[in-house]
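Data first, discussion second: the structure below is written as structure tokens.
The values are calculated or read from the model by the stated rules, or taken from the named source; none is laboratory data. This structure is a prediction, so every number in the text was calculated from the model and none was measured. Positions of Cβ are generated from backbone atoms using ideal geometry, with glycine treated the same way; all protein chains shown enter the neighbour counts. Quick note on the areas: whole protein, heavy atoms, side chains included, nothing else; ligands and nucleic acids left out. Shrake-Rupley method; radii C 1.70, N 1.55, O 1.52, S 1.80 Å.
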Amino acid sequence: QVQLVESGGGLVQPGGSLRLSCTASEFTLDYYNIAWFRQAPGKEREGVSCISMSDGWTYYANSVKDRFTISRDNDKNTVYLQMNSLKPEDPAVYYCAVSRWAGICGDLQTRYLEVWGQGTLVTVSS
């Protein structure tokens, strides 16, 4: 069964850091474009970051630019989202997702993603 599993969420103070992980089973992430989304209570799921499988082009939402970094570890079949300088508006359930469509990182909409993880909760408090 094709599966993505997120981990690394938790509770952090404003200004703190977390690293989220997204690990794939039954397929190789090398052949997919990979995106991170988040969904806060009462809000729509929004794309926050994306990395292309072909040329390494990355996308960051303006709200996280210069604070978040997306990266790959092919040996572990894992994608990371390093989150620094966390703000009160960052808490949400964070999801990773993949697409074979080369243009996904330039048009980051949920309907274009093919496989989703179950999400990991990020809480920013105090």
Exercise. Going by the structure shown, is Asn62 modelled with pLDDT under 95 and open to solvent by 70 Å² or more (accessible area, probe 1.4 Å)?
Worked result: no
For this session: Hey, can you tell me all the residues within the range 44-73 that are out of contact with any strand residue (DSSP E or B) (no Cβ under 6 Å at 6 or more places or on another chain) and touching a residue at least 40 places away in the same chain (Cβ under 8 Å)?
Result: Ser54, Trp57
For this session: Check the range 9-19 and report whether any residue there is in a loop (DSSP other than H, G, I, E, B), among the β-branched types (Val, Ile, Thr) and touching a residue at least 24 places away in the same chain (Cβ under 8 Å).
Result: no
Exercise. Can you tell me which residues in the range 89-109 are surrounded by 15 or more Cβ atoms within 10 Å (Cβ to Cβ) and farther than 12 Å from Ile34 by Cα?
Worked result: Asp90, Pro91, Ala92, Val93, Tyr94
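Looking only at the range 20-37, which residues are surrounded by 20 or more Cβ atoms within 10 Å (Cβ to Cβ) and part of a strand (DSSP E or B)?
Quick first cut of the range 20-37, residues surrounded by 20 or more Cβ atoms within 10 Å (Cβ to Cβ) only: 20, 22, 24, 29, 32-37.
Correct list: Leu20, Cys22, Ala24, Asn33, Ile34, Ala35, Trp36, Phe37.
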Seminar exercise, completed: If you go through Leu121, Leu86, the only one that is out of contact with any His (no Cβ under 9 Å at 6 or more places or on another chain), open to solvent by less than 50 Å² (accessible area, probe 1.4 Å) and not small (Gly, Ala, Ser) is Leu86
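May I ask you to say which residue of Asp107, Asp90 is among the acidic types (Asp, Glu) and farther than 16 Å from Glu6 by Cβ? Before you say what the answer is, go through the steps one by one.
Numbers: Asp90 fails: farther than 16 Å from Glu6 by Cβ.
On inspection, the qualifying residue turns out to be Asp107.
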Exercise. So how many residues does the range 96-110 have that are more than 15 Å from Val79 (Cβ to Cβ) and of a type outside the set (D, E, K, R)?
Worked result: 6
